[in-house]
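Visitor: Right, I'll just put the structure down here and ask away after.
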Amino acid sequence: MNRYRLVHVTEFHYDGVVSGSYNVVRLRPRDDGSQTCLSFKLHTSPASRASSYLDHWGNWIHGFNVLDEHRALRIETQSVVHVEPPPVPAEDITLRAVDAMRDELDDEFDLLTPTGYVPHPPDLQTLIDEAERASSGTLYGFALATTALIHERFRYEKGATHVHSTVLDAIGTGAGVCQDFAHIMLAMVRMRGIPGRYVSGYLVPSSATDNEPSAEDVIGGQASHAWMEMLLPGFGWIGLDPTIGRPVGSRHIRVAHGRDYSDAAPVRGVYRGHAGQQLFVDVGLRPALDDDGQEYLEETAAAPPSAPIESAPEQQQQ
């Protein structure tokens, strides 16, 4: 079953009265060759009227304002998405051939330059060299080796980093979450002269489809997820998930992409007032059809985590 119903709830609770809240969200799944967003709804409380447009990267942006005084803001999106297994490259290209194309690729995609989240630290060169030795000299081999190396060498640990952490922070701690792993892999492939882009979305855990628990219930399961895509000249973009150590599949739901997290942040906003805030997030994913072939939508609510997230308008992707 590759059709999923998705409910994403974000709640901001303020410790005082605020007003003039201005917000943008990137929560509508993308439409592309292997994925179709069949429906999308956005509700806010207090109620607002949203406008939408496509940004430079082709991501859907929904903006809304809440001008009246309020003590909480709830953002709920509901989507139905059909996902097909991504195509697998039938032919590969050598790393040496990619080296000869570097200037051309840089001019066309502008995705080799360091960013604030993704600097190019010399400390990663050893890992890059190791991945190249394991690649058999091919670009796809390098992609698979890099994905596996990051999964093996870095610990998945919530709280080891925060939403504004960079590649340098994750290298320093040796740990992080999917946002950090995607940034590390972006740094490695870009330092090797290969265009790469950050992807935000969701990973449907296997337990949502077969009721059996899996590691994905802990690592990126049922929450916002992130991975990266690498350009394979002559084929297109291939998705790779270093958090779980393998290429993306039909349970990865793509929402937005860009140079790094800053281009694909799910929720961003500002408000007028001196009150602090707490952020609560809840994501529900399940097949869109029940055992009788009927569509259903499970209700969900933003349940507070065991420890409130520190005041911040952005959510780190887990």
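Visitor: Can you find even one residue in region 125-142 that is under 21 Å from the mean Cα position of the chain (by Cα) and surrounded by 17 or more Cβ atoms within 10 Å (Cβ to Cβ)? Show your work before the answer.
Guide: From region 125-142, those under 21 Å from the mean Cα position of the chain (by Cα) are none; that's our starting set.
Looking through region 125-142, none of the residues is under 21 Å from the mean Cα position of the chain (by Cα) and surrounded by 17 or more Cβ atoms within 10 Å (Cβ to Cβ).
Visitor: If you don't mind, there's one more thing I want to ask. Is one or more of the residues making up region 155-171 under 30 Å from A275 (Cα atoms), surrounded by 14 or more Cβ atoms within 10 Å (Cβ to Cβ) and touching a Pro at 6+ places or on another chain (Cβ under 7 Å)?
Guide: Yes, the conditions are met somewhere in region 155-171.
Visitor: Restricting to region 156-191, what's the tally of residues that are of a type in the set (S, T, N, Q) and closer than 13 Å to D260 by Cα?
Guide: 3
Visitor: Which of the numbered conditions does F64 fail, given that it passes all the others? Conditions: (1) within 30 Å of V283 (Cβ to Cβ); (2) exposed (fewer than 14 other Cβ atoms within 10 Å of the Cβ).
Guide: Checking F64 against (1) within 30 Å of V283 (Cβ to Cβ); (2) exposed (fewer than 14 other Cβ atoms within 10 Å of the Cβ), the one that fails is (2).
Visitor: While we're on this one: Return the residues of region 177-209 that are more than 14 Å from the chain's Cα centre (by Cα) and free of Cβ contacts under 8 Å to residues at least 60 places away in the same chain; say none if nothing qualifies.
Guide: V189, S206, S207
Visitor: Report every pair of residues separated by at least 6 positions or lying on different chains whose Cβ atoms are under 6 Å apart, first residue within region 234-256 and over 22 Å from L27 (Cα atoms), second surrounded by fewer than 19 Cβ atoms within 10 Å (Cβ to Cβ) and at pLDDT below 95.
Guide: Going by the 6 Å Cβ cut-off, the qualifying pairs are F235/P89.
Visitor: In the list G137, G159, which residue meets the criterion of being assigned by TED's automatic domain parsing to the domain that holds D241 and either at pLDDT below 95 or closer than 18 Å to A226 by Cα (or both)?
Guide: G159
The values are calculated or read from the model by the stated rules, or taken from the named source; none is laboratory data. Computed from a predicted structure; not experimentally measured. Note: ideal-geometry Cβ built from the backbone for every residue, glycine included; neighbour counts use all protein chains shown.
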